[in-house]
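Notes follow once the structure below has been shown.
The values are calculated or read from the model by the stated rules, or taken from the named source; none is laboratory data. Quantities reported herein were computed from a predicted structural model and do not represent experimental measurements. When we count neighbours, we look across all protein chains shown, and the Cβ atoms used for this are built from the backbone with ideal geometry, even at glycine. Heads up: the accessible areas ignore ligands, DNA and RNA and are worked out on the full protein's heavy atoms, side chains in. Shrake-Rupley method; radii C 1.70, N 1.55, O 1.52, S 1.80 Å.
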Amino acid sequence: KILTLASNERIVLKPHMRMIFEIRDLRYATPATVSRAGILFISDSFGYQWRSYVKSWVQSKKYNEEQKQMLHQLFDKYIPETFIHVKKAFKYLVPQMEMAGIISMCRLLESILDKQEVKGLEYVFVFSAVWCIGGGFSEKDGHDYRKEFSNWWKDKWKTIKFPNKGTVFDYFVDIENTKLEEWSKMQTKDIEKEIDTSKSISNYTVPTVETISAQFLMKQFIQVDHSPMLVGNAGCGKT
């Protein structure tokens, strides 16, 4: 366990010492460093890894051949160009690898497609792409990247047209009627009538677009044993 620096200085690690390697930084490391870390590094500059994952995932599902072919076409249509623009123009609040976004997309798709017959497959796909690729954006460095992502998506992809009102994150897919609806339509009861004004407001959870959407997505992921992580600034509904 010898660490050799760029200056050729050698540092011997003591038996009780351990070193942590940041995987993403190994792109600039020598093969010697990578091999000593016990890691197999495969460059994914051209998206081979996520494409292979999608291909494997689609093959493993019991969808009909038309659906499988459609899924492949949708991934090819939306994802490569979206990833190129995301890398160039936006910053995540918490860094996200392309592969992580694709895995989340596939799990969200299967949480919906495995339970019911879906006529508007592209609607569900666009919903999944918007949330799994764009859901991690928030305000950062003086930019509202979530709003900027929404504006770009609306301008770029016109097949599934989002309403002008609000952002792409304000809508879910009404699968039965194959259309986009506002999250507020999912509110099941009138919470205002249940609030006792003599008690502190902290005793109540008032549903908002943020809390309704977060709860829906978390339930979808948990049903397929996929662990969601909520990110965002204070007041965005994480608690």
Between the modelled labels at Glu181 and Asp25 (7 Å from Cα along Cα→Cβ) the distance in nm is 4.9
Portion, in percent, of the accessible area of the range 31-118 that falls on carbon or sulfur, probe 1.4 Å: 54
Please give every one of the aspartates and glutamates within straight-line cross-link reach of Lys91, meaning a C-alpha to C-alpha distance under 15 Å, and leave out same-chain neighbours fewer than 8 residues apart. Glu139, Asp141, Asp144, Glu148
Given a Förster radius of 45 Å and the C-beta distance between Ile222 and Val34 as r, what FRET efficiency does 1/(1 + (r/R0)^6) yield to the nearest 0.05? 0.80
Evaluate Rg over Rh across the range 141-188, taking Cα atoms for both radii and Kirkwood's formula for Rh. 1.03
Could you pull out the chymotrypsin sites (Phe, Trp or Tyr not before Pro) across the range 134-239 that fall in loop regions by DSSP (anything but H, G, I, E, B) with no more than 13 other Cβ atoms inside 10 Å? Tyr204
With 18 Å as the cut-off, how large is the P(r) tail for the range 173-222, expressed as percent of Cα-Cα pairs? 44
Can you list the GluC sites (Glu not before Pro) in the range 105-153 that are in a DSSP coil and have 16 or fewer other beta carbons within 10 angstrom? Glu117
Compute the length gained on full extension between Ile201 and Phe83: take 0.36 nm times their separation in residues and subtract their Cα-Cα distance, giving the result in nm to one decimal. 38.3 nm
Using the C-alpha atoms of the chain, what convex hull volume per residue, in cubic angstrom, is computed? 202
How much accessible surface does Met186 have with a 1.4 Å probe, in Å² rounded to 10? 60
Could you work out what % of the accessible surface of the range 168-239 is carbon and sulfur, using a 1.4 angstrom probe and leaving DNA, RNA and ligands out of the count? 50
Roughly how many Å² is the accessible area per residue of the range 4-153, as a whole number, for a 1.4 Å probe? 62
Among the lysines, which have Cα under 20 Å from the Cα of Lys119 when same-chain residues fewer than 8 positions away are ignored? Lys61, Lys62, Lys68, Lys77, Lys158, Lys161, Lys179
